[in-house]
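The values are calculated or read from the model by the stated rules, or taken from the named source; none is laboratory data. No experiment lies behind these values; they were computed from the predicted model shown. Quick reminder, even Gly has a Cβ in these numbers, built from the backbone with ideal geometry, and neighbours come from all protein chains shown. For the accessible areas, the whole protein counts, side chains as well, though only heavy atoms, and no ligand, DNA or RNA atoms are used. Shrake-Rupley method; radii C 1.70, N 1.55, O 1.52, S 1.80 Å.
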Amino acid sequence: MATPNPTLPDRDASAELGERLRQADADGTPLRIVGGDTKAFYGRPVQGEALSTREHRGITRYDPVELIVSVRAGTPLAELEAALAEQGQMLPFEPPHFGETATVGGMVAAGLSGPRRPWAGAVRDFVLGVRLFDRQGGSLRFGGEVMKNVAGYDLSRLVVGAQGSLGLIGEVSLKVLPRPIARASLRLSMPLDEARRALAEWGRRPLPITAAAWQAGVLHLRLEGGSGSVADTRRTLGGDDLDDGYWEALREQRLAFFDAEDERPLWRLSLPQQASLDLDGLDETGMLHDWAGAQRWLRSDLDAETLREAATRAGGHATCLTPGAAEPFTPLSPVLAKYHRRLKAELDPRGIFNPGRLYPEL
Amino acid sequence: MNIHYDARLDGDLPRRDKAEVLADLQRAAPGLTLLHREEDLRPFECDGLSAYRILPMLVALPQDLEQVATLLGRCRALGVPVVTRGAGTGLSGGALPLEQGVLLVMSRFDRILEVDPDARTARVQPGVRNLAISEAAAPFGLYYAPDPSSQIACSIGGNVAENAGGVHCLKYGLTVHNVMRVEMLTLEGERVTLGSEALDAPGFDLLALINGSEGMLGVVTEITVKLLPKPETAKVLMASFDDVEKAGHAVGDIIAAGIVPGGLEMMDNLAIRAAEDFIRAGYPVEAEAILLCELDGVEADVDEDCDRARRVMEAAGAIDVRQARDEAERALFWAGRKNAFPAVGRMSPDYYCMDGTIPRRALPRVLKTIAELSEEFGLRVANVFHAGDGNMHPLILFDANREGELEKAEELGGRILEACVDAGGSITGEHGVGREKINQMCVQFQPDELTTFHRVKAAFDPEGLLNPGKNIPTLARCAEFGAMHVHRGQLPHPDLPRF
Ligand SMILES: Cc1cc2nc3c(=O)[nH]c(=O)nc-3n(C[C@H](O)[C@H](O)[C@H](O)COP(=O)(O)OP(=O)(O)OC[C@H]3O[C@@H](n4cnc5c(N)ncnc54)[C@H](O)[C@@H]3O)c2cc1C
């Protein structure tokens, strides 16, 4: 585990990174790209020489009026968030950190978003441009520092969540938003099916809900927006006040539910919000239902295939987050796998970028 | 520019005998409607960029997926290129046919398959018109947010292929932000599903890649879009300015104040007069510029935001700020904006619409450059644009019947796009590259970047038969045109052959 090192200076390390990549490609040396090493549990272990991005750091441009920030990959995520907060702005997708050392590059490569995801969008929805180091060490620019750009294929969004397997993310330009003027969090006691019905009904109305998680008979809600609408909605919904800290604990998997002592594998089910899982031996009320039901967490010994079949039948997929899982991600259909392989072969023919992190053949 | 496919600059492309291809396709897909006589092909010779016209070899109008897959399979076997077309409203010649190619028209796939009010999604075929989705969702209090001005005509398949935007994209995102799942047929005739009805899918984000890919990677056959609840209320402010640059500054000030309008649009004097003359929207014809600023959401918040936006615009030098009295006046304010293109079209025999984007801070400067270029070329330019997200639509007025004027308009357009790139922007925000901006791509991208694009294309279409000659220029083309003509005083890659 890397230790936080706040003394690292802002620096453009493109030259060294480029050289390392060129060399690795020439020798056919697989690389394991590392930012803060906080998300190694997410995906398969990579056998390769470690390549750290942490020297390549700093905010290269931040103009609050533009609502755009450009950041080098090795910049600590906490540092970026602090700079935005100073201007009353934020990353709307609330990325999880999973540790103090989390970097912006890792955030983009992992593509994980927090509780606001269903309402605000995911990491990829806020990526406007990237500088990507290719296998020859050249820094390629896709997208840019503008809100709209359809010139060429959208490679800047393609690399989000690709876990570094298509190239080294050197720098990223993100759209940011003003922090909401008002906020309120509350808890409502209700059983799961009632919560589902309520969320479906509320979803059809323009309510200022920006987070909704159900667990053990309690629906947790967050409201954000103008002061008028938040106060009105808070009054109408009733319930008890909830400490805002709940959302960070949920995002960082620090709630008791995620108890690390529990030895059963941790599963993330990504499902259509309203879908029911039809599987014997699975009690949905034992799960944590985040994202208004679109992201469900589960501790279970059920075998991967059974669980995945159920998730697929329900229109989604299942990811295993316990370190060392042989197959963390749902296997792709044969046709889709073929196009993944081809894309990987085109962009990384020698397999130097995090080989095997997503799937053995990528 | 030369709109025709040029093997020397665009790469080799086989030419097959028309009668043989027709006979082959008729045999392989007996029920498929195939047009081959000149008078039947004529209506398909151009898309919304009507200055570019080419008769396709054949037009196919399939009505089921079987036919599309068979057609793709046969075209691949014969080496015949395929250009997909939706409603043909594109403005960059993306659906411009090829003389030696089949034009695959998806307009018969026009069914809304499902509207699910609980999941807030709609599953539709690609030929469904953009507006039809919102109409189908309206009974549930829902709508589909991206609203290109062409929404009564353009197809959702075309929207995906272009990653279309609209006046409300500032707050609600582009097509890519509102599409959850796409079914696609590859050139090899396989069905692939990209994305899902959940909020993510395993593997690479190919859904993001397919949005804006201009029919180069596959044929989109089904789309699941996200629906949003209709805002409780929407109010629009119209601010007049005596100076375009002041209006440009006001745009940045609104955003900086932490206000996120549903739409923030700007028109200059020429566009205002054209729209007023056409629609009678009540626009101030003396103003040098107007801003339309729409605030939507919950009543209490909207009133709060309207007040703040009004104060910001007044502080920025607005000479008048009017709030639409009622829903009818709000619709009228927008009708003027949404009809700005045809309105300008009434002032001039022809117009040429640009689509550059720039950082908002550069608005005043780029507007000034456009005015200077307009003077220099002796052609009028009307400015209408999505100011909130820095997406400009300068409309160049010209008369194609006058010798050399089209070329002059194209050159002026190219110079405007270069000014956008110089300001840190892009040559296209929503209309796409198509055939039209193929040379300007060389200004925006370096050879290594273009090569990467070609690699992506090769992963999906190694034979290069889907929409060849569009979107991504070859390096040979860039060596001859585009930026390679001395960008910032340097000739890049002096080692490349220049023919
Ligand atoms: C008056 C006017 C106003 C406009 N305003 C806007 C605006 O505000 N915002 C905006 O973004 N655009 C605007 N446009 C441009 C145009 O309407 C959009 O680009 C639209 O998305 C094109 O849709 P279409 O169905 O007409 O596509 P077409 O023009 O038929 O095709 C466009 C591209 O999509 C590809 N394509 C079409 N269907 C498929 C498919 N099923 N699978 C794969 N590829 C496919 C084609 O090959 C082509 O490259 C405007 C156009 C006009 C004429």
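Return yes or no: is B:V68 within 19 Å of B:R435 (Cα to Cα) and crowded, with 23+ Cβ neighbours inside 10 Å? Answer is no for this residue. Looking at region A:76-188, the helices (runs of 4 or more DSSP H) lying wholly inside it that each contain 1 or more residues that are under 30 Å from A:H220 (Cβ atoms) sit at A:77-86, A:104-110, A:117-120, A:123-126.
Does B:A51 qualify as being open to solvent by less than 70 Å² (accessible area, probe 1.4 Å), more than 26 Å from B:N439 (Cα to Cα) and outside the structural domain of B:I223 (by TED's automatic domain parsing)?
Values: open to solvent by less than 70 Å² (accessible area, probe 1.4 Å): yes; more than 26 Å from B:N439 (Cα to Cα): no; outside the structural domain of B:I223 (by TED's automatic domain parsing): yes.
In short, no.
Criterion first (out of contact with any Gly (no Cβ under 7 Å at 6 or more places or on another chain) and modelled with pLDDT under 95) does A:D278 satisfy it? Yes: the conditions hold for A:D278. Checked against (1) hydrophobic (A, V, I, L, M, F, W, C); (2) away from the ligand (no atom under 16 Å from the Cβ); (3) under 27 Å from A:A110 (Cβ atoms), B:A250 passes all but a single condition, namely (3). Summed over region A:305-325, residues that are surrounded by fewer than 19 Cβ atoms within 10 Å (Cβ to Cβ), within 25 Å of A:D259 (Cα to Cα) and without any contact (Cβ under 8 Å) to a residue 24 or more places away in the chain total 1. For region B:62-92, residues that are farther than 14 Å from B:Q125 by Cβ, more than 14 Å from chain A (Cβ to nearest Cβ), part of a loop (DSSP other than H, G, I, E, B) and within 12 Å of the ligand (Cβ to nearest atom) total 3.
Working carefully through the options B:M180, B:M184, find the one that is assigned to a strand (DSSP E or B) and within 11 Å of the ligand (Cβ to nearest atom).
Numbers: B:M180 fails: within 11 Å of the ligand (Cβ to nearest atom).
On inspection, the qualifying residue turns out to be B:M184.
Every test in (1) open to solvent by 30 Å² or more (accessible area, probe 1.4 Å); (2) touching a residue at least 40 places away in the same chain (Cβ under 8 Å); (3) not aromatic (F, W, Y) is passed by B:E407 save one, and that test is (2). In the set (1) closer than 28 Å to A:E145 by Cα; (2) modelled with pLDDT of 95 or more; (3) of a type in the set (G, A, S), the condition left unmet by B:A362 is number (2).
Cβ-Cβ distances below 9 Å connect the following pairs, each with a first residue in region A:20-39 that is in contact (Cβ under 8 Å) with a residue 12 or more places away in the chain and under 20 Å from A:T322 (Cα atoms), a second residue that is among the charged types (D, E, K, R) and surrounded by fewer than 17 Cβ atoms within 10 Å (Cβ to Cβ), and a separation of six or more residues or different chains: A:R32/A:E49; A:G36/A:E100; A:T38/A:E100.
How many residues, within region B:158-194, are of a type in the set (S, T, N, Q) and more than 9 Å from chain A (Cβ to nearest Cβ)?
So in region B:158-194, the residues of a type in the set (S, T, N, Q) come out as B:159, B:163, B:175, B:178, B:186, B:193.
When the remaining residues are screened for being more than 9 Å from chain A (Cβ to nearest Cβ), the result is B:159, B:175, B:178.
Summing the residues that are of a type in the set (S, T, N, Q) and more than 9 Å from chain A (Cβ to nearest Cβ) in region B:158-194 gives 3.
May I ask you to verify whether B:F445 is without any contact (Cβ under 8 Å) to a residue 24 or more places away in the chain, under 23 Å from the mean Cα position of the chain (by Cα), crowded, with 24+ Cβ neighbours inside 10 Å and facing chain A (nearest Cβ under 10 Å)? Criteria met by B:F445. Here the condition is being in the same structural domain as A:M190 (by TED's automatic domain parsing), at pLDDT 95 or above, loosely packed, with under 14 Cβ neighbours inside 10 Å and over 23 Å from A:P92 (Cα atoms); of A:D244, A:D240, it holds for A:D240 alone. Quick one: in region A:194-233, of everything that is within 14 Å of chain B (Cβ to nearest Cβ) and open to solvent by 50 Å² or more (accessible area, probe 1.4 Å), which residue is nearest to A:E100 (Cα to Cα)? If we take residues in region A:194-233 being within 14 Å of chain B (Cβ to nearest Cβ) and open to solvent by 50 Å² or more (accessible area, probe 1.4 Å), then A:S227 is nearest to A:E100 (Cα to Cα). Figure legend. Inter-residue proximity from region B:159-186: first residues among the acidic types (D, E), second residues more than 9 Å from the ligand (Cβ to nearest atom) and assigned to a loop (DSSP other than H, G, I, E, B), beta-carbon distance below 7 Å, spacing 6+ or different chains. Indicated pairs: B:E162/B:G212. Out of all the residues in region B:344-363, which are touching a residue at least 60 places away in the same chain (Cβ under 8 Å) and either within 12 Å of the ligand (Cβ to nearest atom) or within 19 Å of B:G414 (Cα to Cα) (or both)? Passing the criteria: B:V344, B:D350, B:Y352, B:C353, B:M354, B:D355, B:G356, B:T357, B:I358, B:P359, B:A362, B:L363. Taken over region B:350-372, residues that are of a type outside the set (S, T, Y) and open to solvent by 20 Å² or more (accessible area, probe 1.4 Å) amount to 6.
Residue-wise test of (1) within 22 Å of B:M216 (Cα to Cα); (2) away from chain A (no Cβ under 14 Å); (3) within 8 Å of the ligand (Cβ to nearest atom); (4) more than 23 Å from the chain's Cα centre (by Cα).
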position: B:L55; (1), (2), (3), (4): yes, yes, no, no
position: B:A60; (1), (2), (3), (4): yes, yes, no, yes
position: B:T121; (1), (2), (3), (4): no, no, no, yes
position: B:P139; (1), (2), (3), (4): no, no, no, yes
position: B:I156; (1), (2), (3), (4): yes, yes, yes, no
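Looking at region B:422-429, is at least one residue more than 9 Å from chain A (Cβ to nearest Cβ) and open to solvent by 20 Å² or more (accessible area, probe 1.4 Å)? Within region B:422-429 (the criterion being more than 9 Å from chain A (Cβ to nearest Cβ) and open to solvent by 20 Å² or more (accessible area, probe 1.4 Å)), the answer is yes, since at least one residue qualifies.
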